[in-house]
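Comments concern the structure below.
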Amino acid sequence: MKKQKKQLSKKMTFAELLKEIPESAEVLMEAGMHCFGCPMSQMESIEEGAMAHGFSKKEIDELIKKIEKVGGKK
């Protein structure tokens, strides 16, 4: 039986994101977020990490849209 993929959300941790959409690493790097190499990536959500990097809510939403494009809608 195939395991169901998680819904892409800004509440996902970076570890969950990279497990579900490995291609997202390139999007994160382009955005200046190298968070997947940080130990906090296991616990910190995409939203929390982006806010720590100074992203606005709008910029976070745009980041999620870019990730959706590379990984396909989940």
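The values are calculated or read from the model by the stated rules, or taken from the named source; none is laboratory data. For clarity, every value in this text was computed on a predicted model and none was experimentally measured. All Cβ positions, even for glycine, are placed from backbone atoms using ideal geometry, and neighbour counts span all protein chains on display.
Restricting to segment 34-51, and then to whatever is aliphatic (A, V, I, L, M) and either modelled with pLDDT of 90 or more or touching a helix residue (DSSP H, G or I) at 6+ places or on another chain (Cβ under 6 Å) (or both), can you tell me which residue is farthest from K19 (Cα to Cα)? Steps first, please.
Residues of segment 34-51 that are aliphatic (A, V, I, L, M), as a first pass: 40, 43, 46, 50-51.
Retained after the next criterion (residues that are either modelled with pLDDT of 90 or more or touching a helix residue (DSSP H, G or I) at 6+ places or on another chain (Cβ under 6 Å) (or both)): 46, 50-51.
Working: I46: 13, A50: 18, M51: 22 Å.
Checked segment 34-51; the qualifying residue farthest from K19 (Cα to Cα) is M51.
Any chance you could count how many residues in segment 39-69 are closer than 15 Å to M12 by Cβ and not acidic (D, E)?
Restricting attention to segment 39-69, the residues satisfying the condition of being closer than 15 Å to M12 by Cβ are 40-51, 60-61, 63-68.
Okay, now just the ones that are also not acidic (D, E), so 40-43, 45-46, 49-51, 60, 63-67.
Residues meeting the conditions: 15.
Let's see how each residue does on (1) within 13 Å of K6 (Cβ to Cβ); (2) surrounded by 17 or more Cβ atoms within 10 Å (Cβ to Cβ); (3) within 11 Å of the chain's Cα centre (by Cα):
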| site | (1), (2), (3) |
| --- | --- |
| P22 | no, no, yes |
| E44 | no, yes, yes |
| H53 | no, no, no |
| G72 | no, no, no |
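Hey, among the residues in segment 10-20 that are under 8 Å from the mean Cα position of the chain (by Cα) and under 17 Å from E59 (Cα atoms), which one's surrounded by the most Cβ atoms within 10 Å (Cβ to Cβ)?
If we take residues in segment 10-20 being under 8 Å from the mean Cα position of the chain (by Cα) and under 17 Å from E59 (Cα atoms), then F14 is surrounded by the most Cβ atoms within 10 Å (Cβ to Cβ).
Of all residues in segment 55-70, which are surrounded by 13 or more Cβ atoms within 10 Å (Cβ to Cβ) and either over 17 Å from Q7 (Cα atoms) or of a type in the set (S, T, Y) (or both)?
F55, E59
Using beta carbons and a limit of 8 Å, which pairs, at least six apart or on different chains, have the first residue in segment 56-74 and within 15 Å of L18 (Cβ to Cβ) and the second one modelled with pLDDT of 95 or more and not in a helix (DSSP H, G or I)?
L63/F55
Return the pair list, or none, for Cβ contacts closer than 9 Å from residues in segment 1-16 that are of a type outside the set (V, I, T) and at pLDDT below 75 to residues that are surrounded by 10 or more Cβ atoms within 10 Å (Cβ to Cβ) and part of a helix (DSSP H, G or I), at least 6 apart or on different chains.
Going by the 9 Å Cβ cut-off, the qualifying pairs are K5/E20.
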